[in-house]
1. Pick out, from Phe18, Trp145, His119, the residue whose Cα sits farthest towards the positive end of the charge dipole of segment 18-160, with +1 on the Cβ of Lys and Arg and -1 on the Cβ of Asp and Glu.
2. Most fluctuating residue of Glu50, Glu83, Glu120 in a GNM of the chain with Cα springs under 10 Å: which is it?
3. Could you pull the accessible area for Met60 with a 1.4 Å probe, rounded to 10 Å²?
4. List every DSSP H helix in the chain whose Cα atoms extend 18 Å or more along the helix's own long axis and whose mean Kyte-Doolittle hydropathy is at least -1.0.
5. If packing is taken as the average number of other Cβ atoms within 10 Å across a peptide's residues, how do 148-157, 122-131 rank, most packed first?
6. What does the helix-only formula give at 222 nm for the chain: each DSSP H stretch with n ≥ 4 adding -39500 (n - 2.57), the total divided by the residues, and the result rounded to the nearest 500 deg cm²/dmol?
7. What nm distance separates the two modelled labels at Arg89 and His55, each placed 7 Å from Cα along Cα→Cβ?
8. Full extension from Trp125 to His15: what is 0.36 nm times the residue separation minus their Cα-Cα distance, to one decimal in nm?
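The values are calculated or read from the model by the stated rules, or taken from the named source; none is laboratory data. Given the structure is predicted, the values throughout are model-derived calculations rather than measurements. When we count neighbours, we look across all protein chains shown, and the Cβ atoms used for this are built from the backbone with ideal geometry, even at glycine. Ligands, DNA and RNA are stripped out before the accessible areas are found, and what is left, the full protein with its side chains, is counted by its heavy atoms. Shrake-Rupley method; radii C 1.70, N 1.55, O 1.52, S 1.80 Å.
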Amino acid sequence: MTSLTLRFTKISAIHHRFEYRREDGSGESLELESKAFLLHDFIHLALESEAKLAHSFYGMLAAGNSYDTMTPEAMGEELMTGERGVTERLVGGLTGVIRDALTPEDFLAAMQNAFDAYHEPMPEWLTKEAVTKIKNRFQNLWGQWKSTPYGETLELRFEV
């Protein structure tokens, strides 16, 4: 089992600090723009945790990759291949579910169309129940973040 300690510190209404530490103590700390990153990063965390994905964003951090090597600019076309590519496509679609713009059924139908267009099978674990669990996990994370006072840190664990 691989684990990663994640720390999200609420700096201001605009910025947060994202820190991760691996089991060996290595990791990074970055200041990020919350509007651009936080929702997306929490959807990743909910999805990757519920689906037990070890080769997507947080799993790759746990495996030794640095944050900068996993940006779209650094990864280029590789970003959309393998498990990481599947995860990115799902996170984009899940944003609509999280914001109640899509039902889980509508999301699954859209994802089936997308996977068919890529001539790829949809992940077997991607069911209505899984989507509901991911949304519930996200809502729990978002609620914890919203209740974190400015200057304080929300500490979470990612394990696969």
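1. About the Cα centre, the residue reaching furthest to the positive side is Trp145.
2. Glu120
3. 30
4. 34-51, 82-98, 104-117
5. 122-131, 148-157
6. Calculated at 222 nm, the ellipticity per residue is -15500 deg cm²/dmol.
7. 1.5
8. Working: separation 110, 0.36 × 110 = 39.60 nm, distance 3.44 nm.
This chain segment gains 36.2 nm when fully extended.
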